[in-house]
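Let me begin by presenting the structure, written as C-alpha cells, before commenting on it.
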Amino acid sequence: MRRMGSIVCVVGARPNYMKMAPLVRAFGGQPALPPVVLVHTGQHYDVAMNERLFADLELPPPDINLEVGSASHAVQTADIMRRFEPVLDDVRPSCVIVVGDVNSTLACSLVATKKNIPVVHVEAGLRSFDRTMPEEINRILTDQMADLLFTTERAAADNLAREGIAPERIRFAGNVMIDSLLRHRERAAEPAATLAQAGIATDFLSGTAGFGVVTLHRPSNVDTPSALQEALSLLRDVAKRIPLIWPVHPRAKANIERFGLSSLMSDARIALLPPQGYLEMLGLLAHAKLVLTDSGGIQEETTALAVPCLTMRENTERPITIDQGTNTLVGRDRQRALECVDDLIRTGGKRGRTPEYWDGRAADRIAEDLRKWLDVAEVSRRAVHA
Ligand code: UD1
C-alpha cells in the first residue's frame, strides 16, 4: 500500500469507531483533502467489539490491521508502535489522525511525532486530573505531541493552556461521537428485540415502569475483587427498584468469573447481555429511564439523549455532562447512588440541555479546518524546499 500524502486515520478500540466514522465520511466528502488510509491496531479484536460496530457505523473495513490484540499496557503499546512504524514508512502520509484516549491513540501519536509527521488529535484537552487512569496519561501525552487539537467542549482549551499548549494549535469543533449518534438514532434497535436476540425471557420487562442500562469496565471498578463486589452489590440494590440491562464488557465478564462473583448476579433482576452492536446499544440508551456507567463516551451520549446518567466514578474528564447535561457522579457510594435512583424514579431526574456544537456537524467542521491547515502546511513546506 502506498498512497503518498494520504491521511492516516487510526482506530484501536471500540470507543474509537463512533468517533472515526463521521471523520472518514467527512474527509471523503472534501475533494480537496487527500484520500484516507484507515489503520486498525487490533487492540480490540472480538467480532462483537469490532465487525458489528464497523457495519452499524458504516465505517469501511480497515485498509491495514496491525492485529496487536490484548497484552499488558507496555507490551500492547510497544507492539502497536513497532507495527505502525513501517506503515508510516510505506504510506508517508501528510498527517495522522487519532481520536480519544486509548493505548492505540498514544502509541501511534508517538511513532508519527518521532518521524516528524503531523498528528491531529480529535477529542483533545479532556482531563479527569486522575493519573491512575491509563486514559489520563494517554490524553496528556497525546495532546503534548499533537500539532492540531480539536476539542469537544470549551473547558478543554483551558486544560491545554495550563499544559503550555499554544492556542493557535487548538480548535473548538464539537463532538464527533454525537455526529454518529444523531446520524443513526432513527435506525436504533428496539430494546425488546435486543433482549429477545440475547435469549432473555419476554416477561423480563413486563409490569415495570421501564429499565436501566449498565456498563462497567474501568480497572478501578472491575479489576479487584473488593471493588467489583462493591459495584455488583450496588447494582443488585438498584435492580430491586428498576430492572437493569447490562451488556457485559469482556474485562468485567472475565473478572466476575475469576473472582467467583457470578452468584451475586444470578438472582438479581439484571439481564446480562454480550457486548452489543452500536444500534442495539443506542436503542437501549435512548429508551432507558436511567444509565449507570463508568464509560466516558456514555456520559456524553446520555447527555445528548437527555437520559439521566449516574457515573460510577469519583471524577469525570467531561465536566460539561454534569454542568449542562444529565450526568451525576456517584462513585461506588451506595447511599448516594440509591438516593439518586429513588429521586429519578420519582421525578424523572436531570434533563439538562445539549452542549454547544454537539449538533451533528463536528466532523464537517474538522474536515474544513484540516483542509485549510494542510494547505498552509504545504505552502510552508514548499517555501522551505524552494
Ligand atoms: C480499552 C481502553 C478504554 C476504553 C475501552 C472500551 C485503553 C487503556 N483502554 O479498555 O479506554 O474505554 O477499551 O472498551 O486503551 N478483550 C477481549 N476482546 C477484545 C478486547 C479486549 O476479550 O476484543 C478483553 C481481554 O481480556 C483484554 C481485556 O478485555 O485483556 C481488556 O482489553 P484492553 O483493550 O486492554 O482494555 P479495555 O478494558 O477494553
Practice task
Over the Cα atoms of region 166-287, compute the convex hull volume and normalise it per residue, giving Å³.
Solution key: 149
Fill in the blank from the handout: Restricting to Cα pairs under 8 Å and 6 or more apart, the percent relative contact order of region 119-162 works out to 53
Fill in the blank from the handout: Subtracting the Cα-Cα distance of Arg336 and Glu163 from 0.36 nm times their residue separation yields 58.9 nm
Completion exercise
Across Gly207, Gly260, Gly348, the residue with the highest GNM fluctuation in the chain (Cα network, 10 Å cutoff) is Gly207
Practice task
Could you estimate the translational diffusion coefficient of the chain from the Stokes-Einstein equation, with Rh from the Kirkwood formula over C-alpha pairs, at 4 °C and 1.567 mPa s, in whole µm²/s?
Solution key: 60
Problem - Sorted by Cβ density within 10 Å, fewest first, the residues Glu356, Glu317 - result: Glu356, Glu317
Exercise for the section: May I ask you to sort His249, His184, His73 by Cβ crowding, counting other Cβ atoms within 10 Å and putting the fewest first? Expected result: His73, His184, His249
Practice task
Give me Arg183, Arg139 ranked fewest to most by other Cβ atoms within 10 Å of their Cβ, as a rough exposure proxy.
Solution key: Arg183, Arg139
Practice task
Using packing as a proxy for protection, rank 228-241, 295-308 so that the peptide with the highest average count of other Cβ atoms within 10 Å comes first.
Solution key: 295-308, 228-241
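Could you state the per residue volume, in Å³, of the convex hull enclosing the Cα atoms of region 219-369?
121
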Handout entry: Estimated D of region 12-165 in µm² per second, where Rh is the Kirkwood radius over Cα pairs and Stokes-Einstein applies at 10 °C, 1.306 mPa s
Key = 100
Exercise for the section: Would you kindly state how much longer the chain becomes between Phe204 and Met145 on full extension, computed as 0.36 nm times their sequence separation minus their alpha carbon distance, in nm to one decimal? Expected result: 16.3 nm
Completion exercise
Per GNM of the chain with C-alpha springs under 10 angstrom, the most fluctuating residue out of Ser94, Ser128, Ser263 is Ser263
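Read-outs: derived from the displayed coordinates by stated rules, not from any lab. Please read all numbers here as calculations on a predicted model, not as lab measurements. Ideal geometry is used to build each Cβ from the backbone, glycine not excepted, and the neighbour counts take in all protein chains shown.
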